[in-house]
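Read-outs: derived from the displayed coordinates by stated rules, not from any lab. No experiment lies behind these values; they were computed from the predicted model shown. Note that we place each Cβ from the backbone using ideal geometry, even for glycine, and neighbour counts take in every protein chain shown.
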Amino acid sequence: MRNQAIAVLGSALLVGACSGISVSTDYDPSVDFTSFTTYTWLDTEGDNIDNITDSRVRNSVNAALATRGFQENDSNPDMAVGYQGTTAERKSYNTVNSGWGGGYGGYGWGGYGMSMGTSTTYENTWQEGSLILGVFDAESKALVWTGTATATLDQGRSPEERQQLIDDAVEKMMKDFPPGS
């Protein structure tokens, strides 16, 4: 029973760690996506992406495209797929007021009461990461579809949780890919 409770809690934590992904997509409505059946990867060398993350992203996108009927073909592709990863430090500020007194009354000048209080401002800092995926027409080299997924990064995530976050981001981005299907 205890192991079952731990497994349920672990699953809940994993889902919680992967939630909070915001996604936006856009595409060229004049493109006939039904004419695309094959793809190749654009080179990401020099994009400051480590090999582990590169492998995770490519495996996740490959799986998402395969379930949609696309095949990787480097010799004669219909589309080219590329991605970028970005990080940014985000901050928010919360001010908490505490004090006593105040209000109306016969004290002091102008009929207002006296009051004392303090305000304390707290700064919250976190890392936010974005995965930007682009699909290009291989012949014209025009961008035909783009998706961006953004989530809070946590350096304490396990390798499995990191893969799950990427899988969730890619699946959420590509939910309606190809457009019109």
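Points worth noting:
- Straightening the chain between Ala88 and Ser119 buys 8.3 nm, computed as 0.36 nm per residue apart minus the Cα-Cα spacing.
- Length added when fully stretched, Arg157-Ala142, from 0.36 nm per residue minus Cα-Cα: 1.8 nm
- A simple spin-label model places the labels of Asp50 and Thr38 3.5 nm from each other, with each point 7 Å out along Cα-to-Cβ.
- In order along the range 23-29, the phi-based Karplus estimate (6.51 cos²θ - 1.76 cosθ + 1.60, θ = phi - 60°) of 3J(HN,Hα) comes to 10, 9, 9, 7, 8, 8, x Hz; Gly and Pro are listed as x.
- Proximal lysines relative to Lys141, as straight alpha-carbon distance under 28 Å, when same-chain residues fewer than 8 apart are discounted: Lys172, Lys175
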